[in-house]
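Here is the structure we will look at.
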Ligand SMILES: Nc1ncnc2c1ncn2[C@@H]1O[C@H](COP(=O)(O)OP(=O)(O)O)[C@@H](O)[C@H]1O
Ligand SMILES: [Mg+2]
């Protein structure tokens, strides 16, 4: 392979030109690699977003079906004077266990909310003038008569969006966990605790609002701090958010009454793979009766995914644009190079060298250049990718947050009725900012292999484009001038 | 060994051929000079017998095969070696690598034989101090001697040269012409030199003048 030796002799003899070519190629490839890195990081971030942002599926009473039933019964039994009543069937926990066995379900949280009246303590009154002790939010609050203390029964506080999104944080003691089932352990808000000089380990009592109006004695196992935003968004009709006590859903059910045992307002399932949430919903619907409905919320996953799709699409464009531009630039350089070296090509032809071997010589020369350039780009691409990546992410998350806040609002338009239809956390989840997707830029072997592929393709194409000059060259014109 | 048969050539205008109906024979072991004024078509003629262009009319035969049959690339690779006025060496190589490259491309008997290449270069006065230097550091006379060495190390039995002494001083001209004579007489090759210098032509075994579209042999 004599052309190989010629290529090497030429690259070596014209070091200055070779270095210049290496620099130009490195610059081109560095941009290609930056694009590749951002793209693969975006893909990875989307994967991570499945776990971080997650998606939920909520099992609750089918409001539509209940409304339909109510209007049917009111028209069919119009003789009756009694007002038609909207009966929402509480969710059966046995249904929830069935759904939880579906493959895409990671874990689930049972929500059962009720209220009670303070006995051993004073509720926090809102600074806006709403008296906490004066009977609370009034008739619109719940189907059952309501007390001044909101009791949110859950499986575990860590499973609620309020806590997992860090809107509320445990500051002392611990949160409610699955092991608190059938206990009277509670977690209270910091303000309520300090106002009543309560701390972890203390007990407090409240009175049921219905039935026998029993006094319930509970033990404080933890203190949490509600974020200021959640109090602002709580609406005019609710009590101060500080009056919300977290307990096991079993305690809430007990307060509600014996017929509520083994039920819940709603059950929220966390899914493993948010991309498959609708398939899971389909499978889940087969397991439950029409009295219940499954609703999904993958808004935060979707918004992370959307922003990552944006980044990925942008990165793809960078890769292709740079690759095309790089091919054109290199082709132009090679065309000029071939022009400058037409005497050499003429002599080669006069010696009887095959034209394809001359093309092969130029290809080999460019290959030597590009191999060094790939190494340089590999070293420098991480830097460029990091700069570009952080720029892109900060841009796309800003736009993403604004869209999610506006689109999140309609979901929260249910001030009355049982609070169970979505849980306090769920409504806020859509309106809160999702976690900043972090682009982890790292040069992997796959990236380098892909870069190598692009490098080879660019070299090959540019030589192909430029080789017309070699194939058409008439040695006679060049040699006798 | 090389024959032209009714050879004719023109560029644009067929009615204005540079030469036409040319029947010449060139033998091995002889040197030929082609004289003529500038613009008469000497270089054009040479490019045809060098296999760098195709005749418009007639034919060129090597032995009893036409160049068309042999194939121009094949012919250039194995049968003809060319020396140019502008030397046309590989500028990025040493004299040694210029010879090795030519031998490799032409698939010469001595391909890869550095000692053989060195011997030829030394014979032509390219000393060991110059053999591995870049050819651009050599003088014009030295470069033309490397170009001649390149034709000598290859197996082609036909050597053609276009104004090989055009850029050389008197001493170098004499050395180069002597060398062509040795190629013809010692290597038994056929040497055809185009020149406009009668002094140079006089050294060759045969002299032709291209004039009025015809070649006439000078006595
Ligand atoms: N590629 C070409 N196209 C058109 N005309 C040419 C070309 N090359 C040479 N000529 C013309 O052909 C004539 C002969 O040129 P050339 O063979 O170079 O003459 P010489 O070598 O005898 O000086 C000149 O008039 C020249 O202008
Ligand atoms: Mg000429």
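How about region B:27-44: which of its residues are away from ligand 2 (no atom under 13 Å from the Cβ) and surrounded by fewer than 19 Cβ atoms within 10 Å (Cβ to Cβ)? Walk me through it before giving the result.
Taking region B:27-44 as the starting set, the residues that turn out to be away from ligand 2 (no atom under 13 Å from the Cβ) are B:27-33.
Within region B:27-44, B:27, B:28, B:29, B:30 qualify.
Considering every residue within region B:54-74, establish whether at least one is at positive phi, away from ligand 1 (no atom under 16 Å from the Cβ) and in contact (Cβ under 8 Å) with a residue 12 or more places away in the chain. Yes: one or more hits.
The one condition from (1) within 14 Å of ligand 1 (Cβ to nearest atom); (2) buried (at least 17 other Cβ atoms within 10 Å of the Cβ) that residue B:14 does not meet is (2). Residue check: residue A:245 meets all listed conditions (1) modelled with pLDDT under 85; (2) buried (at least 17 other Cβ atoms within 10 Å of the Cβ) but one, namely (1). Scan B:132, B:162 and give me the residue that is within 16 Å of ligand 1 (Cβ to nearest atom) and within 14 Å of another protein chain (Cβ to nearest Cβ). Just one listed residue meets the conditions, B:162. Being in a helix (DSSP H, G or I) and either away from chain A (no Cβ under 13 Å) or in contact (Cβ under 8 Å) with a residue 60 or more places away in the chain (or both) is the requirement here; does residue B:87 meet it? For residue B:87, the condition - in a helix (DSSP H, G or I) and either away from chain A (no Cβ under 13 Å) or in contact (Cβ under 8 Å) with a residue 60 or more places away in the chain (or both) - is not met. The number of residues in region B:45-57 being farther than 22 Å from residue B:28 by Cα and either within 16 Å of ligand 2 (Cβ to nearest atom) or surrounded by fewer than 17 Cβ atoms within 10 Å (Cβ to Cβ) (or both) comes to 4.
Filter region B:176-194 down to the residues that are within 16 Å of ligand 1 (Cβ to nearest atom) and away from chain A (no Cβ under 14 Å) and list them by number.
B:192, B:193
Given the criteria away from every other protein chain (no Cβ under 11 Å) and buried (at least 21 other Cβ atoms within 10 Å of the Cβ), does residue A:338 qualify? Spell out the reasoning first.
Details: away from every other protein chain (no Cβ under 11 Å): yes; buried (at least 21 other Cβ atoms within 10 Å of the Cβ): yes.
Here the answer is yes, as residue A:338 does meet what is asked.
Of the candidates B:47, B:31, the single residue that is more than 9 Å from ligand 1 (Cβ to nearest atom) and closer than 17 Å to residue B:80 by Cβ is B:31.
Considering only residues of region A:456-481 that are at the interface with another protein chain (Cβ under 9 Å from one of its Cβ atoms) and in a loop (DSSP other than H, G, I, E, B), which is nearest to the chain's Cα centre (by Cα)? Restricting to residues being at the interface with another protein chain (Cβ under 9 Å from one of its Cβ atoms) and in a loop (DSSP other than H, G, I, E, B), the top hit is A:474.
Results for (1) in the same structural domain as residue A:372 (by TED's automatic domain parsing); (2) in contact with a helix residue (DSSP H, G or I) (Cβ under 9 Å, 6 or more places away or on another chain); (3) modelled with pLDDT of 90 or more, shown as yes or no for each residue.
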residue	(1), (2), (3)
A:8	yes, yes, yes
A:14	yes, no, yes
A:35	yes, yes, no
A:43	yes, yes, no
A:61	no, yes, no
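The values are calculated or read from the model by the stated rules, or taken from the named source; none is laboratory data. Owing to the predicted nature of the structure, the values given are computational and were not obtained by experimental measurement. Because the Cβ atoms are built from the backbone with ideal geometry, glycine has one as well, and the counts that use them run over all protein chains shown.
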